[in-house]
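S.K.: There's a structure below that I have some questions on.
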Amino acid sequence: MSEHDSHAPIPVLLIGQGADHIVAGLSAGLAAAGKASSFSCAAFPDVGSAARASSGAPHLILVGLGASADGILKDQAWAEWEEPGSAMARIAMSDSAHSVDTGGEVVVEATSRLAIYRLPVAQADALPMAIIVVSQLLEAERSRADLHSQLETERACEPLSSCLEPGKLYSLALELLLDRLGCRRGIAFFAQSPAPQSTGVAARGFDEATRDRLSRFLIEEKSLESTMGRGEVGVVPWGPLNHALGQVGLDASGALLSVPLRGDDREAGHVWILSEGRRFDASDLAAARAIARRASTALATAERYHHAKERAFIDDVTGVYNARYLLATADNEIQRAARYGNPLSVLFLDLDRFKIVNDRHGHLIGSETLRVLSQLLKDCVRQVDTLARYGGDEFTILLVDTPHDVAEMIAERIRRSVETHLFEAGSEGPLRLTISIGVATCPDHGESREPLLDAADKAMYRAKSRGRNRVSSANDLGD
């Protein structure tokens, strides 16, 4: 509960016959007890007008008057205050039943955890004290409900702790927020990790066509990228998501619940929950903050896991991926290529006469030469491609969605880049090196990892046998 809510006057609604007369005496009695500022008392002719006037209040005290008191107190209009995060106390003032102090009973309805307290009309002067007493019970009930809601939220967050895939964590956080807040539509926007290549979108509550249209717009427009992971949990009357919704023809009105998520390093994202006319109260914000806290902790754990996993796959000398990573990634990329019908090309590269560099200049110069070469190769390919040191002075590059002729052009660009580069060799001045490259493409030269890599490797050796410093295609292996 916010500080404002805890000090706000509790609404006391008197409904039914004689309400105007009794409210005056009630207000005077509460003032005499020094509690006038703790309550806001008002009389209403019927349930509908009372419920409308108090909509959005986190807690209420209802006083039903006359023979219809029970019907007033049990009306469905009060269902909102029986939900988690709200609380309501009910007093029936009627001559149809005895009060508790004259032998009556506190009646607890099967559909509610709250009692109906009864007070005869003749004891109207006791109403101020009854209001004070039930308000204390009301606060205890609301505190219990808040604690229960917090516990349920923490329990609901448990799946976050066991998830090590950042993309899934954003989707899980979105679904948790929608469930705990009782909302229908929301969007998660995030940068893919651990090596960000593009943005990701998860949307819930939209039909498939709308979801796809909205996702494409957000990724292409990049209108939400500046918000990812920034700010604090809160309600905003208008945000960049409203603009995006309007641009794809959706209703863009209404406040948004903004929930930033961030790990310890590069991981950042944002979840937006559409209010669709509802008011996010203090308990909603508390639940959102709890989920954001747990999700951000899980993101930090996922980052550490991926960093450790990456280190196991990184070559110590060059800083690029090692052969172990290459083999696992090749399998995944071949499966993806087969699934979508896209080509996957492989370059197998080997420095020409690199042994002379180590023998003449030493292994320190040799290692530095390999590091510089790795950077040259990185500069010649895309971020989505995979560069790995296969062993010694051999490197392999997986070129995704790349046909054979384009792969040959990339290989030629790499060959020229190495040929024209001056490698440092300490006091002995610069070195000039050349490289031989073999090119193979899936599925033409192999539909699985072993034959595909073997074809590229044999093409590379063919380039060496034909004089080195050249590109050779697996198409020529039969010649």
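The values are calculated or read from the model by the stated rules, or taken from the named source; none is laboratory data. Computed from a predicted model, the values in this text were never measured in an experiment. Neighbour counts run over all protein chains shown; Cβ positions are idealised from the backbone, glycine included.
S.K.: Consider GLU175 against the criteria (1) among the charged types (D, E, K, R); (2) assigned to a helix (DSSP H, G or I); (3) modelled with pLDDT under 85: it satisfies all of them except one. Which criterion is unmet?
M.R.: So the condition that GLU175 fails would be (3).
S.K.: Further, regarding this structure: Out of segment 204-261, which residues are of a type outside the set (A, V, I, L, M, F, W, C), at pLDDT 80 or above, more than 18 Å from GLY277 (Cβ to Cβ) and in a loop (DSSP other than H, G, I, E, B)?
M.R.: Selection gives ASP207, GLY231, GLU232.
S.K.: Further, regarding this structure: Exactly one condition in (1) over 17 Å from LEU169 (Cα atoms); (2) aliphatic (A, V, I, L, M); (3) out of contact with any Gly (no Cβ under 8 Å at 6 or more places or on another chain) is false for LEU285; which is it?
M.R.: (3)
S.K.: I would also like to ask the following. What single numbered condition from (1) loosely packed, with under 14 Cβ neighbours inside 10 Å; (2) outside any loop (DSSP other than H, G, I, E, B); (3) modelled with pLDDT of 85 or more fails to hold for LEU147?
M.R.: That leaves (3) as the condition not met.
S.K.: Name every residue in segment 401-444 that is among the aliphatic types (A, V, I, L, M), in a helix (DSSP H, G or I) and surrounded by fewer than 20 Cβ atoms within 10 Å (Cβ to Cβ), in order of residue number.
M.R.: Selection gives VAL406, MET409.
S.K.: What number goes with the only condition from (1) modelled with pLDDT of 85 or more; (2) farther than 26 Å from ARG180 by Cα that ASP95 does not pass?
M.R.: (1)
S.K.: Quick check, is GLY48 within 43 Å of the chain's Cα centre (by Cα), surrounded by fewer than 19 Cβ atoms within 10 Å (Cβ to Cβ) and modelled with pLDDT of 90 or more?
M.R.: So GLY48 passes the test.
S.K.: Which ones in segment 361-373 are surrounded by fewer than 19 Cβ atoms within 10 Å (Cβ to Cβ) and touching a Leu at 6+ places or on another chain (Cβ under 9 Å)?
M.R.: Residue satisfying the conditions is ILE365 alone.
S.K.: Give me the pairs, please: first residue somewhere in segment 404-416 and without any contact (Cβ under 8 Å) to a residue 40 or more places away in the chain, second residue anywhere and of a type outside the set (Ser, Thr, Tyr) and assigned to a helix (DSSP H, G or I), beta-carbon distance under 6 Å, and either six or more positions apart or on two chains.
M.R.: Taking only residues 6 or more apart or on different chains, the pairs are ARG413/CYS380.
S.K.: Name the one entry in TYR305, TYR321, TYR325, TYR340 that is of a type in the set (Phe, Trp, Tyr) and touching an Asp or Glu at 6+ places or on another chain (Cβ under 8 Å).
M.R.: Within the list TYR305, TYR321, TYR325, TYR340, the selection yields TYR321.
S.K.: Can you name every one of the helices (runs of 4 or more DSSP H) wholly within segment 10-101 that holds 1 or more residues which are of a type in the set (Ser, Thr, Tyr)?
M.R.: 19-32, 47-54
S.K.: Just name the residue that is farthest from LEU399 (Cα to Cα) out of those in segment 276-334 that are over 21 Å from the mean Cα position of the chain (by Cα) and of a type in the set (Phe, Trp, Tyr).
M.R.: PHE313
S.K.: Among the residues of segment 312-335, write down those that are acidic (Asp, Glu) and not in a loop (DSSP other than H, G, I, E, B).
M.R.: ASP331, GLU333, listed by residue number.
S.K.: Mind checking which residues of segment 419-450 are over 27 Å from ILE365 (Cβ atoms) and in contact (Cβ under 8 Å) with a residue 24 or more places away in the chain?
M.R.: Matches in segment 419-450: VAL439, ALA440, THR441, CYS442, PRO443, ASP444, HIS445, GLU447, SER448, ARG449.
S.K.: Among the numbered conditions (1) closer than 19 Å to GLU310 by Cα; (2) at pLDDT below 80; (3) under 13 Å from the mean Cα position of the chain (by Cα), tell me where CYS163 comes up short.
M.R.: For CYS163, the failing item is (2).
S.K.: How do the pairs read when you match residues in segment 362-380 that are not assigned by TED's automatic domain parsing to the domain that holds SER417 with residues anywhere that are in a helix (DSSP H, G or I), using Cβ under 6 Å and keeping only pairs 6 or more apart or on different chains?
M.R.: none
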